[in-house]
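Engineer: Here it is, the structure in full.
The values are calculated or read from the model by the stated rules, or taken from the named source; none is laboratory data. The model shown is predicted, which means the values in this text are computed figures rather than measured ones. Please note: Cβ atoms are built from the backbone with ideal geometry, for glycine as well, and neighbour counts cover all protein chains shown.
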Amino acid sequence: MIYMDHSATSPVDIEVLNAMEPYFVDSYGNASTLYSLGREARRAMESSREKVASIIGANTDEIIFTSGGTESDNIAIKGIVYRFRRRGNNIITSNIEHPAVDETCKYLEKNGFEVTYLPVGKDGIVNTSDLEDAISDKTILITIMHANNEIGTIQPIREIGEIARENKIYFHTDAVQSVGKIPVNVEELNVDMLSLSAHKLYGPKGIGALYIKKGVNVEPIIHGGGHEKGIRPGTENVAGIVGLGKACEIAENNLEEEAQYLTTMRDELIRRVLSEIDESYLNGHPTKRLPNNINFRFTGIEGESLVLHLDSKNIASSTGSACSSKKLEASHVLMALGLEEVQAHGSLRLTLGKENKVEDINYVVESIKDAVDTLRKMSPLWCQAEV
Amino acid sequence: MYSEKVMEHFSNPRNVGEIEDADGVGTVGNPVCGDLMTIYIKVKDNIIEDIKFKTFGCGAAIATSSMVTEMAMGKTIEEALKISRNDVANELEGLPPVKMHCSNLAADALKAAIDDYKKKLTAKE
Ligand SMILES: Cc1ncc(COP(=O)(O)O)c(C=O)c1O
Ligand code: FES
């Protein structure tokens, strides 16, 4: 199988798996205990914390382990707005966020908060002057993702962070898709909080981290035994944490080389598809996008049937985000780019990974051509497009 | 998430295409998912002697189009009109709950094609 859905999740790196293994059966101690077994677990956790801190340029005491990207987003957003609700009730976000942020904002709207959804341009990027216009004295939080999970576009986080600082507003970014793919440095990006998740960078599912800048205080949203400074209580997932740390370490060491490799494959695949298939388009910005993200649309065909066709050719791809395949509506991200609904339904996302091979590109391009051709032959819309 | 029968019809759809001198043509769309289906029928002595479809839609939409054309082929107009939305889904060994409307699309497109045929018939008379 050729797996090209790394933005949905990625395989666990064998080195990551090996690093985790001892923490299930041998070093199974509870990291809060005093005896050596517990201390071993604690040490492994703290060494992992250093690796996570390192990949984003943070201090170790600014990293909270969580159960993944979704939980990190929830803690950051709810944690700030619950704590500072007396200062104001406005939250500013974008209209292309992952559901982990989007649905959290929708929930808060039902509970007395007011949310401003900034639009994006046709290229999928937020305009910072829209942000400046949207800020009011009621704004307590800005949350805008670093790289989008569907179209891979990278937001001007550093500029947004500057604006947030000038206005003394807390700023959170969901960097689940960008960490390990492009350089991420919390100091340079001017962020107060940042979410990341292990399973997007060859680590295990169900583990992630939230960076919280020193001095920023969030209200806990779950309560319990005081682990992770009381911000994320619950007996730590030591093996998962070790896996996350190892995944970050490997990603940091290979970042530039891997980004280069993925960009080359990405651009070759894009070039060939756009030049060899009629009425094929790339969604999102051509260069301000993740090295591994490709998002096409093809006039006259629908994404799900394209994904199924590619599956029969042993290629794993997706229509948009993995979550949207359960819904019927066109992707909110593609709609935000100003596409018509029928255009947004015809999208195909390919997200590459380090185990993809340059030699596979030809097969993938030919398979897409074949599938598009077959589906267009049976499409009532393609005929109309021709006349 | 799809049954094998659905995948089989999706991978090898029957009766794809158009009928140029069709006796009836029906097009229906679903506003939520944006899918669109056209069915063409050729009728002789009250029997559907040829039927073809064109579909823009999900895997289930393509499979149900294929299935409904197979079910209607060779049937009398009255028999074909009895093919219900559920019949199509049942013949495909079920559809996921969110995909039930895809079979509605197929059954409705067949009805629309038959209605069109009947309208043309009365116009001729
Ligand atoms: C941008 C973004 N944020 C958040 C998440 C959720 O992360 P997790 O699956 O670890 O909860 C994902 C992935 O699903 C994502 O792509
Ligand atoms: S999702 Fe609408 S016809 Fe299948």
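Engineer: Taking A:Glu304, is it outside any strand (DSSP E or B), within 14 Å of chain B (Cβ to nearest Cβ) and of a type in the set (Asp, Glu)?
Structural biologist: yes
Engineer: To continue, here is another question. Being of a type in the set (Asp, Glu) and away from every other protein chain (no Cβ under 14 Å) narrows it down to one residue among A:Asp311, A:Asp360; which is it?
Structural biologist: The match here is A:Asp360.
Engineer: Moving on to the next point. Touching a residue at least 24 places away in the same chain (Cβ under 8 Å) and in contact with a Pro (Cβ under 6 Å, 6 or more places away or on another chain) - does that describe any residue in region B:40-61?
Structural biologist: Checking region B:40-61: at least one residue is touching a residue at least 24 places away in the same chain (Cβ under 8 Å) and in contact with a Pro (Cβ under 6 Å, 6 or more places away or on another chain).
Engineer: Also, quick follow-up: Is it the case that B:Met1 is at pLDDT 95 or above, away from ligand 1 (no atom under 16 Å from the Cβ) and more than 14 Å from B:Ala112 (Cα to Cα)?
Structural biologist: no
Engineer: Scanning for something in contact (Cβ under 8 Å) with a residue 40 or more places away in the chain and in contact with a Pro (Cβ under 9 Å, 6 or more places away or on another chain), does region A:176-183 turn up at least one residue?
Structural biologist: Yes - at least one qualifying residue is present in region A:176-183.
Engineer: Being buried (at least 24 other Cβ atoms within 10 Å of the Cβ) and either away from chain A (no Cβ under 14 Å) or over 12 Å from the mean Cα position of the chain (by Cα) (or both) is the filter here; which residues of region B:34-50 pass it?
Structural biologist: Hits for region B:34-50 are B:Asp35, B:Ile41, B:Ile48.
Engineer: Could you say which residue among A:Ile14, A:Ile2, A:Ile55 is buried (at least 23 other Cβ atoms within 10 Å of the Cβ), more than 13 Å from A:Val238 (Cβ to Cβ), β-branched (Val, Ile, Thr) and at pLDDT 95 or above?
Structural biologist: None of the others qualify; the one that does is A:Ile55.
Engineer: Now a separate question. For A:Ala259, indicate whether it is at negative phi, among the small types (Gly, Ala, Ser), away from ligand 1 (no atom under 15 Å from the Cβ) and not assigned by TED's automatic domain parsing to the domain that holds A:Val81.
Structural biologist: The answer is yes for A:Ala259.
Engineer: I'm trying to understand the selection: among the residues of region A:335-359, which are crowded, with 18+ Cβ neighbours inside 10 Å, of a type outside the set (Val, Ile, Thr) and not in a loop (DSSP other than H, G, I, E, B)?
Structural biologist: Within region A:335-359, A:Ala336, A:Gln343, A:Ala344, A:Ser347, A:Leu348, A:Arg349, A:Leu350 meet the criteria.
Engineer: While we're here: Of the numbered conditions (1) part of a helix (DSSP H, G or I); (2) touching a His at 6+ places or on another chain (Cβ under 8 Å), A:Leu131 fails exactly one; give the number of that condition.
Structural biologist: (2)
Engineer: What number goes with the only condition from (1) in contact (Cβ under 8 Å) with a residue 40 or more places away in the chain; (2) assigned to a loop (DSSP other than H, G, I, E, B); (3) within 16 Å of ligand 1 (Cβ to nearest atom) that A:Ile222 does not pass?
Structural biologist: So A:Ile222 meets the others, but not (1).
Engineer: Further, regarding this structure: Can you go through B:Ala89, B:Ala72, B:Ala60 and tell me which one is crowded, with 22+ Cβ neighbours inside 10 Å, away from ligand 1 (no atom under 16 Å from the Cβ) and within 14 Å of chain A (Cβ to nearest Cβ)?
Structural biologist: Step by step, each of B:Ala89, B:Ala72, B:Ala60 is checked, and only B:Ala60 is crowded, with 22+ Cβ neighbours inside 10 Å, away from ligand 1 (no atom under 16 Å from the Cβ) and within 14 Å of chain A (Cβ to nearest Cβ).
Engineer: Can you tell me which residues in region B:1-32 are within 11 Å of another protein chain (Cβ to nearest Cβ) and within 22 Å of A:Leu328 (Cα to Cα)?
Structural biologist: B:Met1, B:Tyr2, B:Val6, B:Met7, B:Phe10, B:Ser11, B:Thr27, B:Val28, B:Gly29, B:Asn30, B:Pro31, B:Val32
Engineer: Would you confirm whether or not region A:312-326 contains a residue that is over 21 Å from the mean Cα position of the chain (by Cα), modelled with pLDDT under 95 and within 23 Å of A:Glu97 (Cα to Cα)?
Structural biologist: No, region A:312-326 contains no residue that is over 21 Å from the mean Cα position of the chain (by Cα), modelled with pLDDT under 95 and within 23 Å of A:Glu97 (Cα to Cα).
Engineer: Taking into account only those residues within region B:104-119 that are within 17 Å of B:Arg14 (Cα to Cα) and away from chain A (no Cβ under 14 Å), which is nearest to ligand 2 (Cβ to nearest atom)?
Structural biologist: If we take residues in region B:104-119 being within 17 Å of B:Arg14 (Cα to Cα) and away from chain A (no Cβ under 14 Å), then B:Ala107 is nearest to ligand 2 (Cβ to nearest atom).
Engineer: Here's another thing I want to ask about it. Surrounded by fewer than 17 Cβ atoms within 10 Å (Cβ to Cβ) and more than 30 Å from B:Tyr2 (Cβ to Cβ) - does that describe any residue in region A:296-312?
Structural biologist: No; the residues of region A:296-312 include none that is surrounded by fewer than 17 Cβ atoms within 10 Å (Cβ to Cβ) and more than 30 Å from B:Tyr2 (Cβ to Cβ).
Engineer: Filter region A:31-46 for residues that are surrounded by 15 or more Cβ atoms within 10 Å (Cβ to Cβ) and in contact (Cβ under 8 Å) with a residue 60 or more places away in the chain; which is nearest to ligand 1 (Cβ to nearest atom)?
Structural biologist: Result: A:Met45.
Engineer: For region B:16-91, which fully contained helices (runs of 4 or more DSSP H) count at least 1 residues that are more than 16 Å from ligand 2 (Cβ to nearest atom) and under 29 Å from A:Ala371 (Cβ atoms)?
Structural biologist: B:59-72, B:85-91
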